[in-house]
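I have placed the structure first, in the form of structure tokens, so that the comments after it can refer back to it.
What follows is calculated from the coordinates using simple rules that are stated; it is not laboratory data. Model, not experiment: these values are computed from the prediction. We place every Cβ from the backbone using ideal geometry, glycine too, and count neighbours over all the protein chains shown.
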Amino acid sequence: MGRKIVVLVILICTLLALGLGVAAHAQDPGGVTTGAAKDVIGATPGAPTADDLKAAGKTEPFAAKLADVVGQNKVAINLSWVLIAGFLVMFMQAGFALVETGFTRAKNAAHTMLMNLGIYGIGVLGFFVCGFAFMYGAAGAIGNLGGTPTLAGGHELALTILGHKFGLLGCSGFFLTGKYYDVMVCALFLFQMVFMDTAATIPTGAMAERWRIISFVIYGFFMSMFLYPIFGNWAWGGGWLSQLGANCGLGNGYVDFAGSGVVHTVGGLCALAGAMVLGARIGKFNSDGSANPIPGHHIPMAILGTLILAFGWFGFNPGSTLGASGAGNLRIAVVAVNTMLASAAGLVAAMIYMTIKVGKPDPSMVANGMLAGLVAITAPCAFVSPGESLMIGLIAGILVCIGVALVDKIHVDDPVGAVAVHGINGIWGVIAVGLFADGTYGCGLNGVAHNVVGLFHGGGLAQLGAQLIGVITLGFWAFGVSYLFFKGMNKIVPMRVSKVEELAGIDMSETGITAYPEFEMRR
């Protein structure tokens, strides 16, 4: 009798497991039911679905279960790749810390390192509280991650104009509670959090060596909870910019594969606004307006940081496929090669430009040239050929050299060149999509049933128009809103340290320790 009960229990559990496997999950914190036959059977347009096969009597329970296992494995591969890519992007934080600290002075090294460390923790908390909800609360299904039905069922604050919906803000998923306690949602949260953290880190370099910690902390929550997520919603979360194609016929809408605009331009223009409000370091500009160079204290440190960033970028760009399994995701190889080529081209272009201009290559500008190439290729990396990636990187390497000089001419003090690297070349990357996209990839992106095609490949002005609208929006949002924020905060919580503290170095006054105590004692 006991053995019959055991067999009956096993049979019931097996039937329940089979039933759960084929059902679309609404919430799956254990990762048990995510991935099913639907991810294999009927996953491509026109293919028979699991229901079609069952209706024809061609699917036995064992075959259905086998399909579920294969489907879950496919989604698991994609999940693993997204997490690994996220870990790579998180490691970029070390690269930023080394670059920014190396390019600034020894007396402020502990302070600069603390900002690069602190923004990570602040960013995680802010994005967890509401940033992710504002950005992805109603993003819609993401096929590579098992459909993410929880995101498809979220609420969006939107305007309806002439029968078309223009999303403004996600309103679901705060604190990752309720149905957002889900394995795939958590994977997307981690991946997008480290992207946000990259944007949030950029202003710490432009505002280094004179920024009070308390105002930095307030800024960190502003960026992670509002500035980045809201623009991210417009571009990646199903918001109005992404729908310019479906609603207005402008190509595939605003396209930004891995974030030249969403991440780098947002960070770079915010950095410009903050540096303008904060003011230049003492001694940077003469009375006639000419700029004095203030050399960084550790160029080898900055070069090492640059190489770490370049390594992490292989999570940044290829990771944005959000998968490594399935025919469409094989584009990863093109994305990776394009990323590598643009970085090399930017490096070489900056080296040649500086040699022609000043007679010798400047290691700091060569490093920034490499980073500029990476920033510029981040938006178009999936949509252009290797040769065009090379061209995009070459232009970026020259633009960053010109941009650093231009920022000095408008009397903005940017110790690490963040505005030129991320702001100017982020804009260039966004525009490059509208120029160079070759029509070989992107079908279905933003709900448009054709590949992304730029001006130089017969796409006309449609895609370029969407990209330019994105650039204009970035100017108003990332720079305009940031400038108002910094101006307002500066009146309530003064952003800048005192003159005495700045001249002495702000390590001790702001952090309580010095980075190089023996060196400082000898001075």
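Brief remarks on what is shown
- Distances between placed amide hydrogens fall under 5 Å for LEU168 paired with LEU157, ALA158, LEU159, all partners being 5 or more residues away or on another chain.
- Sites ILE492 and ILE282 - FRET efficiency at Förster radius 22 Å, r taken between beta-carbons, to 0.05: 0.40
- Residue separation of PHE476 and CYS443 scaled by 0.36 nm, minus their Cα-Cα distance, works out to 8.9 nm of gained length.
- Residue order, fewest to most beta carbons within 10 Å, for GLU100, GLU518, GLU510, GLU388: GLU518, GLU510, GLU388, GLU100
- Where only DSSP H runs of four or more residues are counted, the chain gives -18000 deg cm²/dmol as its mean residue ellipticity at 222 nm, each run worth -39500 (n - 2.57).
- Inter-label distance, ILE356 to GLN27: 6.2 nm, where each label sits 7 Å from its Cα along the C-beta direction.
- For region 73-511, the relative contact order comes to 23 percent (Cα pairs under 8 Å, sequence separation of at least 6).
- Across LYS107/LYS499; LYS107/LYS491; LYS357/LYS409, pairs whose alpha-carbon gap is larger than 19 Å: LYS107/LYS491
- As a rough footprinting exposure proxy, the listed residues TRP81, TRP477 were ranked by other beta carbons within 10 Å of their own, and the order from fewest upward is TRP477, TRP81.
- For region 107-152 versus region 473-523, the inter-centroid distance based on Cα atoms is 24 Å.
- Over region 174-291, relative contact order from alpha-carbon pairs under 8 Å, at least 6 apart, %: 31
- Förster radius 60 Å - calculated FRET efficiency between VAL129 and ILE402, Cβ distance, rounded to 0.05: 0.90
- The stretch between ILE513 and ALA291, if pulled fully straight at 0.36 nm per residue, gains 76.9 nm over its current Cα-Cα span.
- Sorted by Cβ neighbour density within 10 Å, fewest at the top, the residues VAL500, VAL277, VAL404, VAL416: VAL500, VAL277, VAL404, VAL416
- Distance between the modelled labels on ILE299 and ILE161, one decimal in nanometres: 5.1 nm (7 Å Cα→Cβ projection).
- Note on PHE226/ALA63: beta-carbon distance plugged into 1/(1 + (r/R0)^6) with R0 of 35 Å gives a FRET efficiency of 0.10.
- Two tests apply to each whole DSSP H helix in the chain, Cα reach of 20 Å or more along its axis and mean Kyte-Doolittle hydropathy of at least 1.0, and the ones passing both are 2-22, 61-102, 109-126, 183-206, 299-316, 332-358, 363-377, 386-409.
- When you count the other C-beta atoms within 10 angstrom of each residue and take the mean per peptide, 294-306, 225-237 line up highest first as 225-237, 294-306.
- Were the residues from LEU117 through PHE175 laid out at 0.36 nm apart, the gain over their Cα-Cα distance would be 18.6 nm.
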